[in-house]
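The values are calculated or read from the model by the stated rules, or taken from the named source; none is laboratory data. Since the structure is predicted, the reported quantities are computational estimates derived from the model, not experimental observations. Please note: Cβ atoms are built from the backbone with ideal geometry, for glycine as well, and neighbour counts cover all protein chains shown.
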Amino acid sequence: MSAKKKNVKLTRFGVSVPEDLIESFDAYIRERGYSNRSEAIRDLIRERLVARDWEREMMGKEVAGTITYVYDHHKRELVDEIIDIQHEYGEVVLVSQHVHLDHSNCLETVIVKGDPLSLKDLTYKLKALKGIKHCTLATTTTGKDIS
Ligand code: NI
């Protein structure tokens, strides 16, 4: 939806962002062909809202998925925290797999099944841990309702 077509009232707001983050973001918006940061940020906001709507729609249903994360295994307390969180979500965690990427980086995938909100919560808890470098959830169907 373009502001020009519908004469949408726009609100300006200021955001403080670390320099390296905005540099990466500027590179991203150039790659995607955005003419300015505002349009790129509007699209990101829309994407998040659509994702939230999907989560609400899926509430109470069952989906399968994979959580993948990379972390520094030298942070020993982090390993304990990861295991604690996996136990806390024992009802949705089916299996986890650990790979040593290099001397200090480990990659784990956790295959999960359950309601989408639990899968999201688990992902956010892992993502929030200090030392987790990247964490992502990919959801898919359990296959039950698809022939
Ligand atoms: Ni490892």
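Does the range 81-100 hold any residues that are in a helix (DSSP H, G or I) and away from the ligand (no atom under 12 Å from the Cβ), and which are they?
GLU81, ILE83, ASP84, ILE85, GLN86, HIS87, GLU88
When only residues in the range 81-100 that are out of contact with any strand residue (DSSP E or B) (no Cβ under 8 Å at 6 or more places or on another chain) and of a type in the set (Val, Ile, Thr) count, which is surrounded by the most Cβ atoms within 10 Å (Cβ to Cβ)?
It comes out as ILE85.
Residues that are at pLDDT 90 or above and either within 16 Å of the ligand (Cβ to nearest atom) or over 30 Å from VAL15 (Cα atoms) (or both): does the range 46-59 have at least one?
no
Which condition from (1) within 16 Å of the ligand (Cβ to nearest atom); (2) charged (D, E, K, R); (3) loosely packed, with under 10 Cβ neighbours inside 10 Å is the one that GLU31 breaks?
Unmet for GLU31, out of (1) within 16 Å of the ligand (Cβ to nearest atom); (2) charged (D, E, K, R); (3) loosely packed, with under 10 Cβ neighbours inside 10 Å: (1).
When the range 116-147 is examined, which residues are found to be modelled with pLDDT of 90 or more and more than 11 Å from the chain's Cα centre (by Cα)?
Answer for the range 116-147, where residues must be modelled with pLDDT of 90 or more and more than 11 Å from the chain's Cα centre (by Cα): SER118, LEU129, LYS130, GLY131, ILE132, LYS133.
For residues that are part of a helix (DSSP H, G or I) and surrounded by 13 or more Cβ atoms within 10 Å (Cβ to Cβ), tally how many sit in the range 45-80.
Going through the range 45-80 one residue at a time, the tally reaches 4.
Show the residue pairs that are 6+ apart or on different chains and have beta-carbon atoms under 8 Å apart, the first residue being within the range 105-117 and within 16 Å of the ligand (Cβ to nearest atom), the second being of a type in the set (Gly, Ala, Ser).
Every condition considered, the pairs that remain are GLU108/SER96; THR109/SER96; VAL110/SER96.
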